[in-house]
Each structure stands twice: as C-alpha cells, then as structure tokens.
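Notes follow the structure.
The values are calculated or read from the model by the stated rules, or taken from the named source; none is laboratory data. This is a predicted model, so every value here is computed, not measured. For neighbour counting, all protein chains shown are included, and Cβ atoms are generated from backbone atoms with ideal geometry for every residue, glycine included. What goes into the accessible areas is simple: the full protein's heavy atoms, side chains included, and nothing from ligands, DNA or RNA. Shrake-Rupley method; radii C 1.70, N 1.55, O 1.52, S 1.80 Å.
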Amino acid sequence: MEGARRSPVFVRLREHWPVLGSMLVLFGVLLALQPFGAPYAGGLQLVTSAKYTLLLLLWSSLTLLLVSARQGPRAALYCVALGLALYAEARNFQEFSLWAPVAWTTLAVLALVAETALRERLLTSPRSQTWRAAGYTLVQLPLFGVPLAVLAYNGATGATLSDDSLLAIYQTNPGEALAFAREFIPLHYLLLVVGLPVVLYAANRVQVAGETAPRRPAPVFLLALAGSLSVLHLGVVYEKSPLLGMGGATYSDYRAELRAFRAVRAERGERLPEFTASTSGAPRTYLVVIGESHSRHHMSAYGYARPTTPWLDRMRADPGLILFGNAYANHPHTMPALTLALTEASQYNEQDYVNSASLVDIAKAAGFTTTWISNQVAYGSWDNQVTAIAEYADRQYRLNRHVGQTTRTTHFDEATVPQLARALETLDPQAHNLIVVHLMGSHWIYCNRFPRDGDSPYAAFVPGDWAQEERLDCYDHSVRYNDYVMRALYETARGFENFAGLVYFPDHGESVESGLGHYVGNFRYEMMHIPLYAWFSEDYRAQRPERVARLRARAARPFTNDIMYDTLLGIMGIETPHYRAGHDLGAPEYGIAKDALLTLHGERRVLDDPWIRKGVRDGVPETGGMRRVTHR
C-alpha cells in the first residue's frame with residue numbers, strides 16, 4: 001500500500017538510484033577537472049553557462065535522489081546549508097565565481113558520503129536512531145556552523161570578515177574569547193550559534209525516524225569514488241571560495257609563522273643558562289619605548305624646521321630630560337638592530353644573539369616584574385627574534401594580530417596608551433618593574449601610521465595641509481604622531497608611584513627624501529641616524545646624580561644603539577655577570593672610543609659618516625646638521 005500511495009516517479013528513482021549516483025559522479029568528474037586545466041581537462045573546458053547548468057543538475061539530481069529515498073528533511077537541510085554559505089560569501093566578498101558554490105557542493109558531497117557510511121553502519125544498532133541523528137549532526141555542523149558563525153560576526157560587529165579578524169581568532173585564548181563575547185556579541189547571536197547543534201539534531205531525528213534499510217546496499221565503489229573525487233576536488237577549489245580560501249590560507253600562514261617562531265625560541269631557550277642578577281635600592285618602575293624607522297632629521301627637537309615634535313620641544317626645558325644628539329643604529333633593519341640593542345651581544349664583542357642574555361632575562365633574574373606591550377607583528381621572519389625575547393616577559397600584551405612579512409597594524413600606536421594604563425593597574429608600585437612598549441612608529445607606508453578620520457584626539461595636532469610631496473608629508477605627520485603618542489605614554493606612566501624614568505630609542509632611522517627607506521642594499525648613513533632621549537624623575541636624579549650627570553655629559557657623543565642593553569641595566573641599577581660597564585654610556589668605565597664606533601654590524605665606521613666629518617665639532621652639529629625644509 002505504501003508503494004501504491006507514492007508517486008511512480010519516486011519509486012523508479014529509488015529503484016535506480018545507483019544509476020543516478022553514477023550520474024552525480026560523472027557531473028562531479030566534469031566539474032572537478034576544470035580547475036586543473038590542461039592536460040587533465042583536455043577538451044572538457046566548458047563555457048560558464050554549461051558549468052552552471054552542470055551545477056544546477058548536480059543539486060537537482062541530489063535533491064531528487066534524497067527525496068526518492070525518503071530523505072526529504074536531509075535534502076532540505078543541505079539546500080539550506082548551500083544557501084547560507086553563498087549568502088555568507090556574498091555578504092563578505094560581494095563577488096565570487098562559480099567555484100565558490102562548487103567548493104561548498106564538494107563539502108556537501110563529502111558530508112553525504114560520511115552520512116551514508118554512518119547509515120550503513122548504524123542502521124541495525126539498538127540505538128540506531130539516536131546514534132544516527134548524532135552522527136549526522138556532527139557531519140553537518142561544519143556546513144552550517146562556518147557560514148552561521150561568519151554571519152553572526154557580521155551582525156554583531158557590523159564588519160565583514162577579513163584576514164585580520166581571522167588572525168585575531170587564531171591568536172585568541174579562551175579567556176579573551178569569552179571577554180570579547182560578553183562585551184561585543186549580543187545574546188541572540190550567541191544563542192544562534194550555540195543552538196545550532198540542537199536544531200540540527202532535532203531535524204535529523206525527524207529524518208531517521210522514517211529511515212528504513214535500503215533494498216540494495218550502497219555501492220561501495222561509488223561511495224569510495226565520490227569521496228576520493230571530493231577530497232581531490234576540494235584541495236583544488238577551496239581556495240577559489242573567498243570564505244574557505246581566506247580561512248585556509250590565513251590559518252596555514254599563521255601556523256607556518258608560528259612554527260618558525262617556536263624554532264627560534266627553542267634554539268635560543270636551549271642555549272641560555274640560568275642567569276644571576278640583583279638590584280638594590282628603593283623599588284622603581286622604568287618604561288622603555290622602542291620606536292620604528294625614526295629619523296632625528298625630521299624632528300623639530302633636533303632642529304628640523306617643521307613643528308613635528310611639539311611635546312619634546314617643550315620637554316627640553318625639563319631638568320629631567322636628556323636629548324642625545326648623535327645616536328646611531330647598529331643596522332638599518334629591525335631584527336639585526338634590536339637583537340643587539342636588547343641583548344648583551346653587540347658589535348664590540350664576539351657574542352651572538354642566540355647565546356646572549358636579554359634585557360628581559362636579566363631584569364627578571366634581578367626580581368623585576370617585566371611587561372611587554374607591542375604594536376608590532378608578533379610572528380613572522382621579520383619579527384620572530386624580538387618576539388623570542390618578549391616571550392620571556394612576565395606579561396605580554398599584543399595589539400597587532402597580523403603575522404608574516406607585513407607591516408600592517410590592527411591599531412594605531414595610541415592604542416598602547418590605554419594598554420599601558422591597564423598594565424600599570426596590575427603592577428605593585430612597591431616592587432621593581434620594567435615595561436617595554438614597542439611601537440610601529442614611522443614604518444613605511446608612512447600614511448598608514450597616523451589617524452586622519454577625526455576619530456583620534458591626534459586630529460587636533462595635525463597642523464593643516466603642508467602641501468609638500470606626499471611621502472615627505474606623511475612621514476613628517478607620522479613623526480608628529482609619534483611625539484603625541486610619547487607624550488601620552490609619558491603622562492600615563494609619570495602618575496604611577498615610584499616611576500623612575502623613561503628611555504626612548506628606535507631600531508633604526510630612515511632615508512626619507514631619497515625614497516630609499518632603510519633597505520640595507522641602498523645603504524646610506526642617514527638610515528642610521530636615530531633620536532634617543534631619556535627622562536628621569538626628581539627622586540631618581542636625587543638618588544643617582546652621578547649617573548644622570550654622566551649621561552648628560554655624553555649626550556652629544558656619537559654612540560650606537562647596540563649598547564642600550566648595558567646602558568639600561570646601568571640605569572636600572574642591576575648587577576650581573578652579563579653586564580659590561582665599558583658598554584654602559586652612564587658608567588664611569590664607559591670606554592668605546594669614537595674612532596672605534598661601528599655600524600652596519602661592523603662593516604662601516606661611524607666616523608666615516610659624511611655628516612660627522614662635515615658638520616660636527618666634538619660631536620655637536622654646528623647648524624643642527626640637517627637639511628631644513630620650509631613651508632610652501
């Protein structure tokens with residue numbers, strides 16, 4: 001009677017479903033061959049209309065096959081899944097090719113193969129319906145979960161998905177994820193994602209209640225062929241789906257960079273011994289700020305005509321400030337420069353970075369609580385070595401969620417200011433503290449380094465349209481923005497009890513007017529010309545007047561920033577076997593002669609710099625030593 005009540009069409013479809021399955025496999029073969037190109041596709045290259053026709057036939061046949069086998073709820077579920085996926089693609093990427101639906105279709109075929117295998121395996125189980133419904137739900141979750149999670153993200157944040165947001169997800173720990181969800185994700189979006197398994201399970205319970213054993217076992221060879229083709233096909237076409245491709249490529253890049261970083265960290269960690277260090281005196285807190293691509297020749301505090309450093313200009317009258325006039329980078333690239341500046345390795349000894357103690361290592365050994373706040377990329381070949389140093393800090397706060405060889409940022413540098421305030425709230429003012437803030441500074445692309453949309457208080461500091469060349473204007477604005485950020489960091493830290501002082505230095509300079517940036521292949525000495533300044537509290541100056549006096553007396557002497565490690569240890573009063581007084585600019589024993597100063601990791605002498613040879617008398621530039629740029 002049941003067969004009589006059903007349409008003869010469905011009866012015939014059910015009787016001959018292996019033939020329909022073979023048709024589906026044929027359509028899959030034709031579509032799968034397309035992305036491979038010659039020689040595999042040969043004469044099978046199809047016009048776009050034929051491809052869409054094949055795709056439509058594929059889904060129509062699939063739906064008819066499922067309905068004929070009394071699997072209507074499953075057919076409806078898979079059609080809804082495809083619709084959600086394509087809507088998520090369109091919502092986030094506006095345009096996508098045929099291969100986006102093909103990629104999702106491939107996932108659907110894989111899911112159906114898995115479901116069929118589960119059905120064959122569990123149909124005779126005592127708890128068949130429960131286990132089958134649960135198994136189907138697990139198989140279907142990725143198909144529904146990915147597009148629904150993306151759409152929930154769109155609705156909750158008002159933003160489209162990007163590699164930035166994916167990297168943030170990959171790098172987020174459970175605590176951060178929960179905090180973000182509580183603050184930014186409305187409850188109904190959370191219920192939508194959390195309730196998805198419940199809805200799918202309920203739909204699958206309806207489906208399995210009407211399932212019966214098929215008249216013929218599912219042809220194993222068809223299942224195997226369909227599954228194999230789907231896996232092969234997905235490996236080619238998933239990147240052509242913007243949603244799947246972005247997720248896969250971003251995750252792959254992240255994992256590769258993370259593996260490379262861990263290798264660097266492991267190599268360094270295995271070679272470093274236990275450190276001995278101590279400090280005496282009253283508890284103090286120190287702030288070290290590391291800039292990026294910062295040339296002193298574009299700072300009004302050093303004589304530049306444009307008002308690029310209004311805060312530092314005013315601070316020159318503060319008795320606590322020391323402005324160093326002739327600091328040099330040890331290398332024009334970030335990693336080579338900072339691996340020496342932050343470790344006991346330098347151009348003047350035979351140690352290397354991997355075997356050297358770092359500023360963080362020694363500060364921790366001396367009893368300091370160490371904090372690292374960074375707006376630089378964490379994981380990438382340009383950054384791994386510095387991150388390997390920062391990883392040993394007691395607390396890390398990373399604002400930049402990018403990975404790889406990139407200079408993109410998630411936030412402007414001013415985001416380090418509230419992060420510093422939050423970090424200070426967690427610190428004990430009656431203990432020794434070291435805080436390092438690593439800025440993105442003035443790195444190319446210069447125009448991307450400061451806000452221009454009025455959302456930042458910095459907008460009030462922009463002195464109008466300077467009407468210069470865009471590269472020069474943007475760089476000078478980035479320098480002025482750096483001055484604004486430094487003022488905010490200084491004012492935030494100065495209010496902390498027992499705050500002793502601040503030291504600012506960048507990794508290297510920049511050749512702006514030439515357009516050469518800081519690429520070592522186009523080396524110019526101006527790439528090595530960096531600013532450096534320090535501010536010390538009244539209490540620190542009273543407790544250590546000799547050190548402050550020596551630093552001030554040597555403020556005009558040329559020196560290179562690879563001695564910052566020893567100089568900072570001396571400033572913090574840390575005693576350790578991993579300290580050389582002869583490399584400490586504030587120590588009585590400082591002994592690097594001017595004619596022994598090196599840069600470019602020993603390949604160039606500082607005194608061969610034309611700027612020194614032409615414009616410096618006893619280390620002090622006669623006219624500021626820089627080209628003055630006037631307003632137009």
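Before moving on, here are some points about what is shown:
- Qualifying residues in the stretch 400-442 (those that are in a loop (DSSP other than H, G, I, E, B) and open to solvent by less than 20 Å² (accessible area, probe 1.4 Å)) - the one modelled with the lowest pLDDT: GLY404
- The set of residues in the stretch 474-518 being in a loop (DSSP other than H, G, I, E, B) and touching a Pro at 6+ places or on another chain (Cβ under 7 Å) consists of PHE496, GLU497, ASN498, HIS508, HIS518.
- Residue that is most open to solvent (accessible area, probe 1.4 Å), among those in the stretch 346-370 that are among the hydrophobic types (A, V, I, L, M, F, W, C) and at pLDDT below 90: VAL354
- Any hit, the stretch 330-348, residues being without any contact (Cβ under 8 Å) to a residue 24 or more places away in the chain and outside any loop (DSSP other than H, G, I, E, B): no
- Note on the stretch 472-520: residues that are of a type in the set (A, V, I, L, M) and open to solvent by 30 Å² or more (accessible area, probe 1.4 Å) amount to 2.
- Some residue of the stretch 515-528 being of a type in the set (Val, Ile, Thr) and under 18 Å from MET299 (Cβ atoms): no
Okay, residues lined up against (1) aromatic (Phe, Trp, Tyr); (2) over 22 Å from HIS432 (Cα atoms); (3) at pLDDT below 95:
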residue	(1), (2), (3)
PRO463	no, yes, yes
TRP466	yes, yes, yes
TYR475	yes, yes, yes
SER478	no, yes, yes
TYR490	yes, no, no
ALA493	no, no, no
ASN498	no, no, no
LEU502	no, no, no
VAL512	no, yes, yes
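- At least 1 residues being open to solvent by 20 Å² or more (accessible area, probe 1.4 Å) and in contact (Cβ under 8 Å) with a residue 40 or more places away in the chain is the threshold, and among the helices (runs of 4 or more DSSP H) wholly inside the stretch 521-621 those reaching it are 538-543, 545-553, 610-615.
- Candidate set from the stretch 324-338 (those that are open to solvent by less than 10 Å² (accessible area, probe 1.4 Å) and within 28 Å of the chain's Cα centre (by Cα)); member that is farthest from VAL520 (Cα to Cα): LEU338
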